[in-house]
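Here's the structure we're looking at; comments come further down.
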Amino acid sequence: MWRRSRFLIKIIIFFLMLAGVIALSFGLFLGFNYFTGNVHTVIANKIYRSAQLDHNGLIRYTKKFHLKTIIDLRGPWMKNHWYRVENRFAKKNHLNYFPMRFSAYVLPSKNRLRELVHVLQTAPKPLIFHCEGGADRTGMAAVISVILFEKDPTRAQIERQASWHYNAISRKTVGYQILRNYFAWLKKNHEQSSKQHFLEWVNSPIKMKAYTGWFIV
């Protein structure tokens with residue numbers, strides 16, 4: 001009996017240690033994204049995503065990606081230092097600059113979503129979009145970009161852009177909510193995801209509803 005109890009204690013300790021290692025690794029991964037600007041490729045040579053970049057980051061990635069456009073998903077904040085830095089940088093370097101205000105956790109209206117889709121389709125490329133941390137609003141823009149520009153993306157490829165891989169860990173992250181509404185429409189109409197179907201959905205009068213959850217991909 002004593003030996004069995006000792007064995008069970010060892011098993012419990014092992015799994016607690018394993019859980020700790022997993023939690024630590026996950027935390028380090030999120031921290032790495034956060035402290036390095038959460039900069040990633042969405043569509044190679046065309047579309048990139050990031051957190052809010054400082055002046056040095058703007059210089060670095062404009063040169064690295066040969067950027068022509070910056071889409072600021074935080075919107076215009078005339079009194080904020082980061083906005084003034086970015087706005088001046090775009091003007092000085094002759095970049096197209098689109099400040100568009102979205103919420104990280106509240107669904108936008110269909111009109112606001114259509115405006116974003118229009119900018120993503122028509123803005124000169126390569127382009128980069130960002131919010132504050134590069135996770136929630138940026139995830140929303142990234143999933144739309146994959147649907148619009150990637151050839152026959154899988155559902156996992158689309159969902160990944162609004163997942164923990166890019167620090168989107170809130171259950172209310174707006175990218176998740178947008179996709180849940182889009183996927184629900186596809187299911188109701190017995191359709192598969194495509195650029196054509198996404199544009200049909202986004203231009204429809206169907207209102208979106210709030211969801212909570214995660215994409216585990």
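Descriptive notes on the structure:
- Here the stretch 48-115 exposes an accessible surface that is 55 percent carbon and sulfur, computed with a 1.4 Å probe and the other protein chains kept in place.
- Site pair W77 and A210 shows an inter-label distance of 2.2 nm when each label is modelled 7 Å from Cα along Cα→Cβ.
- Radius ratio Rg over Rh of the stretch 136-187, counting only Cα atoms, Kirkwood formula for Rh: 0.94
- In a simple Cβ point-charge model (Lys, Arg +1; Asp, Glu -1; nothing else charged), the stretch 114-192 has a dipole of about 220 debye relative to its Cα centre.
- Computed from the alpha carbon positions, the gyration tensor of the stretch 77-160 leads to an equivalent ellipsoid with semi-axes of 24, 16, 12 Å, biggest first.
- Kirkwood-Stokes translational diffusion coefficient of the stretch 42-122, alpha-carbon pairs, 4 °C, 1.567 mPa s, µm²/s: 95 µm²/s
- In this simple spin-label model, placing a label point 7 Å from the Cα along the Cα-to-Cβ direction at both L148 and T41 gives a separation of 2.0 nm.
- Per residue, the accessible area of the stretch 64-217 comes to 51 Å² when a 1.4 Å probe rolls over the protein heavy atoms.
- Pairs spanning more than 18 Å between alpha-carbon atoms, out of K110/K207; K63/K92; K46/K91; K63/K91: K46/K91.
- Compared with the alpha-carbon gap, the fully stretched path from H197 to K63 is longer by 44.7 nm at 0.36 nm per residue.
The values are calculated or read from the model by the stated rules, or taken from the named source; none is laboratory data. Everything numeric in this text was worked out from a predicted model, so none of it was measured. Positions of Cβ are generated from backbone atoms using ideal geometry, with glycine treated the same way; all protein chains shown enter the neighbour counts. What goes into the accessible areas is simple: the full protein's heavy atoms, side chains included, and nothing from ligands, DNA or RNA. Shrake-Rupley method; radii C 1.70, N 1.55, O 1.52, S 1.80 Å.
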